[in-house]
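The values are calculated or read from the model by the stated rules, or taken from the named source; none is laboratory data. Keep in mind it's a predicted model, so treat the numbers as computed, not measured. Positions of Cβ are backbone-derived with ideal geometry, glycine not excepted, and every protein chain shown enters the neighbour counts.
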Ligand code: ADP
Ligand code: ZN
């Protein structure tokens, strides 16, 4: 194995887990490999065919990604081909008959279309494994569900004794179990590498849509450009991407843009220029995803809250793949959280809708967090964390001020209590700010003693306080479909019961940027 590693790949040692996984595959074991992007998962399915002289079949979601891999492998003298959906059936048959390929790549659509005669020929000439790359696409609970992936279990029935290898960079416990059962894996060898990307700094800031904010953003990016460091700005919509792209060009910073509404060739051109350092900033939507193998990206900015922590982890994880200290900032604005409905449109069932909602809520919680962000991310992916403070995220490094918000907390919680947990946070905030809207008059909330008592604070100030009260367990938020309601928790009751109209016991909470602004 060591000599093959050296001969074909030019590496003298295996990375953690690689050797063990290759050995399990050679033993005929199914394997599930959950390891960070850049940790070297591909090698796990590229080695066995070179050792066994049988073919590895690799299912991969994107044709462009396969083309890159095929090219790189051919250069190393590994016989590789991809059966893209465009190729005709007879060429697939002749490839199967020739039996001389080390690795065959195909999309799940193609794999499902191939006739059983293809597979029986392949079995005759020898298949050493079937790898499913980006295996999280199998699960409705993953962040990128694809229907064709779900149907891959059909191949299991045809390729009875072939070891199946599922590979992904991000999978929670639920998604892992889902992959195992969807691919009908038998007693799989499961490897979960560390999710801790120690060289990445994580931080979050809130912003309001304003011209000055875009100026600030441009300023921040230009610092990286001046020192010839690459960065990616992920936007949640094509419109945002275009807006930021234009603002950068206006400021004289050359940048690339990449989104799903561009033609394939324009996207490829953008990608290539970025890889070749023709410009240092890429403004993109999530369409700029799999297959970005640029090791020296120093900064990944998210402009808008992403739809899940899985996507956040994966997108921010494109930063600092060479191990050098790099930075991930997430900028969110309150209106981002109204996008749940938008994301839920992708759902085909109530179950999927719930999964999408929950993933989005976790991302939202990440935004409001006042404790260690790394710990939160690692917890989310089911990895034990020994320390409460990583020292390399905004919450660990900045000495965030706390302030006594006892009076405001009392007003807000008492007001929420009067709404009897039937409203989201907007209603009590409107009451405190003295709104005379129809909704408020209809419910006679203008008669409440708190009506108008909170006018001196902005609506966002109050909402930010609500987030902090939720994060600290004084309030609980409930979701029924996309409707949310907020109510007072037992801990909140305890606080309320020790309050009097003219006296409230001290209650210190972190001061968020929205509360300062
Ligand atoms: P993943 O699929 O996990 O994102 P890749 O398989 O693309 O990661 O590998 C990331 C990089 O690490 C590639 O450039 C690859 O050549 C390199 N790599 C993989 N295995 C080794 C190894 N044993 N020694 C040195 N470099 C390796
Ligand atoms: Zn931290």
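Below is a table of values for the structure above.
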quantity	calculated
Members of segment 357-414 found to be in contact with a strand residue (DSSP E or B) (Cβ under 6 Å, 6 or more places away or on another chain), away from ligand 2 (no atom under 12 Å from the Cβ), farther than 23 Å from residue 339 by Cβ and part of a helix (DSSP H, G or I), listed by number	413
Residues (in contact (Cβ under 8 Å) with a residue 12 or more places away in the chain and either surrounded by fewer than 23 Cβ atoms within 10 Å (Cβ to Cβ) or touching a helix residue (DSSP H, G or I) at 6+ places or on another chain (Cβ under 6 Å) (or both)) located in segment 177-189	178, 179, 180, 182, 184, 185, 186, 187, 188, 189
Qualifying positions in segment 318-373 - under 24 Å from residue 232 (Cβ atoms) and exposed (fewer than 15 other Cβ atoms within 10 Å of the Cβ)	322, 323, 324, 325, 335, 342, 346
Test for residue 214: is it free of Cβ contacts under 8 Å to residues at least 60 places away in the same chain, over 26 Å from residue 335 (Cα atoms), more than 20 Å from the chain's Cα centre (by Cα) and assigned to a helix (DSSP H, G or I)	no
Only listed residue being crowded, with 16+ Cβ neighbours inside 10 Å, more than 35 Å from the chain's Cα centre (by Cα) and more than 30 Å from residue 213 (Cα to Cα), chosen from 493, 410	410
Cβ pairs under 6 Å, 6+ apart, first in segment 112-130 and within 14 Å of residue 83 (Cα to Cα), second at pLDDT 90 or above	112/151; 119/158
Selected residue (only one of 71, 47 is part of a helix (DSSP H, G or I) and under 16 Å from residue 4 (Cα atoms))	47
Enumeration of residues in segment 291-307 that are surrounded by 17 or more Cβ atoms within 10 Å (Cβ to Cβ) and either without any contact (Cβ under 8 Å) to a residue 60 or more places away in the chain or part of a loop (DSSP other than H, G, I, E, B) (or both)	292, 294, 304, 305, 306, 307
Counted residues, segment 50-68 - those being in a helix (DSSP H, G or I), touching a residue at least 60 places away in the same chain (Cβ under 8 Å) and either within 11 Å of ligand 1 (Cβ to nearest atom) or under 26 Å from the mean Cα position of the chain (by Cα) (or both)	3
Number of the condition not met by residue 233 [criteria: (1) surrounded by 15 or more Cβ atoms within 10 Å (Cβ to Cβ); (2) closer than 30 Å to residue 46 by Cβ]	(2)
Test: residue in segment 258-268 that is closer than 25 Å to residue 37 by Cα, in a strand (DSSP E or B) and in contact with a helix residue (DSSP H, G or I) (Cβ under 6 Å, 6 or more places away or on another chain)	yes
All positions within segment 13-44 that are in a loop (DSSP other than H, G, I, E, B) and more than 8 Å from ligand 1 (Cβ to nearest atom)	16, 17, 27, 28, 29, 30
Near pairs, Cβ below 8 angstrom, 6+ apart or cross-chain, from segment 378-401 (on the phi > 0 side of the Ramachandran plot) to any residue that is more than 8 Å from ligand 2 (Cβ to nearest atom) and modelled with pLDDT under 90	382/172; 382/173
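Residue-wise test of (1) assigned to a loop (DSSP other than H, G, I, E, B); (2) surrounded by fewer than 17 Cβ atoms within 10 Å (Cβ to Cβ).
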residue	(1), (2)
423	yes, no
431	no, no
453	yes, no
456	yes, yes
464	no, no
476	no, yes
487	no, no
